[in-house]
Every structure is written in structure tokens, then in C-alpha cells.
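The structure under discussion appears below in the form of C-alpha cells.
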Amino acid sequence: MTLRQLLDVPAPAKLNLFLHIVGRRADGYHLLQSVFMLIDWCDTLHFERRSGGQISRLDLNPDLKPGQALPANDLVLRAARALQSATGCTWGAQIALDKQIPQQAGLGGGSSDAASTLLALNRLWGLGLNGADLQRIGLTLGADVPFFLGGRNAWVEGIGETLQPIDLQPARYLVLKPPSGASTPDIFAHPALKRDTPRARIEDFAASSRAGLQGNDLQPVAIELCPDIALGLRWMAEHGLEARMSGSGSAVFAPLAPGRNAQYSVADLPGHWVARCCSNLQEHPLFGWCKRS
């Protein structure tokens, strides 16, 4: 088989339509329930297959200062090396990342980059791993990575590894990201975090027309640690939008009524805020890139 030498792939963001913390495992990991939804706000990764096993990465629009090294826990590099380690693959790769999804937003950008890296290198290196194989590797990188590898909007439980595909109606959302962010570990470690929300059923989500399951248990603590989140929620409310935070923040989002997205002016937002109208996706752009069994 002749392997391709170059691949360019998208890595979409996600929104949490709700997020409940329903308990905690003995090892300290929090148990959650959520609906994760893919949206069309994407990073793009460029891959070039190399011989010799070396993996390198560069940023096409870097926030890094000249000469500053990538962080040791960079998820793209970790994903590529984890795939090498799991398979004994001797190929390497040069990876370039065009980063568009804001960091520390609760939009899953880093996890999505890791998932797209696993999917792309599985194909570029001719490994032939199936979806379950990749999800086992992905879970070692982060709790959100299996969702992006699953490729469908999903009801999510456990620490993020238990996924049940769910169909969602096409919709558009306004997403706001302040320049500041909150630390996810700090939020989960906070003593005021609510950790005992009663369990819901996927049937509850469908039967309530989504209205009954819209809260985010992380939001109160995140606002305490990052007051800009409250500013974003207030701006949304002033524009007649019912908003909530996604993931651990600091991005907030609200559904848009049909035809209304073009009417929102963000000129009155504080400086350095990012605003974007997004559509949801029915499946990941790379959904067909590996077998699902």
C-alpha cells in the first residue's frame, strides 16, 4: 500500500448543552453528565509524514514568543507520541497547527486537536487502528478526547469516556470568549463546587425539549475565579439571549433564533473579546476515517 505523505485536517470545537457533576471516583476524578455538541469553529492541522520517527510541531499563528518552547504537555505532540508508543510505529511527522479555537474556553480545542492528530496519523502511517483502539489511546490524553474520536454529538457520562450518540436539530449559536480564562484544575478542586447533582436520564433531555437540562455546575465557581464570564453572560442577557457557560469556560454561548444571527453587533463588546456565530455539526468531519468496531 502506498501511504500519503501529506494531510490537512480540521479539528472542530464543542459546546456543552448542559454539564452536571454527579459524583466523584475514589481516584479523585469527577463523574459528569453532559451533552457534547460539535460546532463548525475549527482548528486546522497540517501533517507531513517523515522517516526516522521524529515528531515536530510548529504554530502557524503562534502566541509563543520567539524562541519560546512548546509546553511539555502539548496535546498534539503527546497524541502523536502515544500513537507511536502504542503501535511501535517507526514513522515520524512534522505537524503545523493553525489555531483558531480560543484556549481556556471550555470549547475542547486542545482535545479536538489531539483527536484529529490520532485520526490523521493513523491514516498517514497506515496503522489501521479502529475507533475503539484510538479511543483507548485518547482517554489517556484527556477526558474529552474520546468524544471527538467518537465523531457524533453525544450524551456523555463517566469521566467523559461513556458516549451515547444523540441526534440534535440544526441550530446556530453565538459564542463569546473573554480574553481571560479560568484554570480547569482549579475549578474542579474548588471546595464550593457542586458535586452531587441528581442523575438525569437521556430520556429526560429529549422529553424536556432541552429546557430542563441547561445548567452547568462549573459555572458558579468559574465566575468566582474569572469574573469576565459574568460580563459575557450579562452582555448576552442585555441582547435578549439566554446564555450559559461551556465546559469549564470561559466561553459563554446562547442559541440564536432563525434568521437573527446577522442582527447581533459585537461592536460594544470589551476589547480583545472574541465573538462568533456557529452552526452545530451532525458528525465530525473525519467521522469515516476509521472503523467503528
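The values are calculated or read from the model by the stated rules, or taken from the named source; none is laboratory data. Just so it is clear, the structure is predicted and the values come from calculations on it, not from any experiment. Don't worry about glycine lacking a Cβ; one is built from the backbone with ideal geometry, like all the others, and counts go over all protein chains shown.
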Subject >> Residue in the stretch 77-91 that is crowded, with 22+ Cβ neighbours inside 10 Å, among the β-branched types (Val, Ile, Thr) and over 30 Å from residue 203 (Cα atoms) present >> reply: no
Original post:
Applying the selection to the stretch 1-18, what residues are assigned to a strand (DSSP E or B) and touching a Phe, Trp or Tyr at 6+ places or on another chain (Cβ under 9 Å)?
Top reply: 6, 7, 8, 9, 11, 12, 13, 14, 15, 16, 17, 18
Original post:
In the set 187, 202, which member is modelled with pLDDT under 95 and over 24 Å from residue 278 (Cα atoms)?
Top reply: 202
Original post:
Which members of the stretch 24-55 meet the condition of being loosely packed, with under 12 Cβ neighbours inside 10 Å and either over 30 Å from residue 91 (Cβ atoms) or under 14 Å from the mean Cα position of the chain (by Cα) (or both)?
Top reply: 25, 26, 27, 28
**OP:** Please note which helices (runs of 4 or more DSSP H) are completely contained in the stretch 129-243 and include at least 3 residues that are crowded, with 21+ Cβ neighbours inside 10 Å and hydrophobic (A, V, I, L, M, F, W, C).
**Re:** 145-150
Subject >> Complete set of residues in the stretch 83-111 that are under 20 Å from residue 46 (Cβ atoms) and part of a helix (DSSP H, G or I) >> reply: 83, 84, 109, 110, 111
Original post:
Name the residues in the stretch 276-291 that are surrounded by 16 or more Cβ atoms within 10 Å (Cβ to Cβ) and out of contact with any Pro (no Cβ under 9 Å at 6 or more places or on another chain), would you?
Top reply: 276, 277, 278, 287, 289, 290
Original post:
Is there any pair linking a residue in the stretch 277-291 that is part of a loop (DSSP other than H, G, I, E, B) and modelled with pLDDT of 95 or more to one that is surrounded by fewer than 20 Cβ atoms within 10 Å (Cβ to Cβ) and not hydrophobic (A, V, I, L, M, F, W, C), with Cβ under 7 Å and at least six apart or on different chains, and which?
Top reply: 281/40; 285/10
**OP:** State whether one or more residues within the stretch 106-115 are at pLDDT 95 or above, buried (at least 24 other Cβ atoms within 10 Å of the Cβ), more than 22 Å from residue 188 (Cβ to Cβ) and among the small types (Gly, Ala, Ser).
**Re:** no
Subject >> Among residues of the stretch 233-250, those that are acidic (Asp, Glu) and more than 16 Å from residue 214 (Cα to Cα), counted >> reply: 1
Original post:
When both residues are 6+ apart or on different chains and their Cβ atoms are under 8 Å apart, which pairs have a first residue that lies in the stretch 132-143 and is over 14 Å from residue 74 (Cα atoms), and a second that is of a type in the set (Val, Ile, Thr) and not in a helix (DSSP H, G or I)?
Top reply: 143/159
